[in-house]
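Input: a single structure, listed below in structure tokens.
The values are calculated or read from the model by the stated rules, or taken from the named source; none is laboratory data. Owing to the predicted nature of the structure, the values given are computational and were not obtained by experimental measurement. When we count neighbours, we look across all protein chains shown, and the Cβ atoms used for this are built from the backbone with ideal geometry, even at glycine.
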Amino acid sequence: MKELVEFMARALVESPDDVHVSERVYRERVVLRLQVAPEDAGRVIGKNGRVANAMRSVLKVASVRQSRDVILKIM
């Protein structure tokens with residue numbers, strides 16, 4: 001999951017070296033925290049959050065295949 005988020009975020013931003021994803025497990029949930037450079041935050045979030053919601057949708061499909069509950073937080 002972590003690699004999937006990194007791949008999607010690096011494709012969107014101008015400075016892919018500043019993309020960092022941390023993974024924490026709380027009981028049955030996996031929380032992924034995505035950090036990007038401040039100037040790239042708008043690209044990752046998108047207009048009205050459309051890009052962020054699309055990333056969450058892709059993660060949801062991938063998490064169902066692995067029987068896990070995944071949450072994406074953009075910092």
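Some points to look at:
- Single residue of 58, 25, 19, 51 found to be surrounded by 12 or more Cβ atoms within 10 Å (Cβ to Cβ), more than 13 Å from residue 4 (Cα to Cα) and hydrophobic (A, V, I, L, M, F, W, C): 51
- Single residue of the range 1-16 satisfying the filter (exposed (fewer than 15 other Cβ atoms within 10 Å of the Cβ) and touching a strand residue (DSSP E or B) at 6+ places or on another chain (Cβ under 9 Å)) that is farthest from residue 73 (Cα to Cα): 3
- Here residue 35 meets the list (1) modelled with pLDDT of 95 or more; (2) loosely packed, with under 12 Cβ neighbours inside 10 Å almost entirely, failing just condition (2).
- In the set (1) modelled with pLDDT of 95 or more; (2) buried (at least 16 other Cβ atoms within 10 Å of the Cβ), the condition left unmet by residue 30 is number (1).
- Pair list, Cβ under 9 Å, 6 or more apart: the range 50-67 residue on the phi > 0 side of the Ramachandran plot and assigned to a helix (DSSP H, G or I), other residue modelled with pLDDT of 90 or more and among the acidic types (Asp, Glu): none
- Within the range 16-44, residues that are without any contact (Cβ under 8 Å) to a residue 40 or more places away in the chain and part of a strand (DSSP E or B) sit with their Cβ atoms under 7 Å from residues that are aliphatic (A, V, I, L, M) and surrounded by 15 or more Cβ atoms within 10 Å (Cβ to Cβ), at 6+ positions apart or across chains, in these pairs: 21/5; 21/32; 21/34; 23/30; 23/32.
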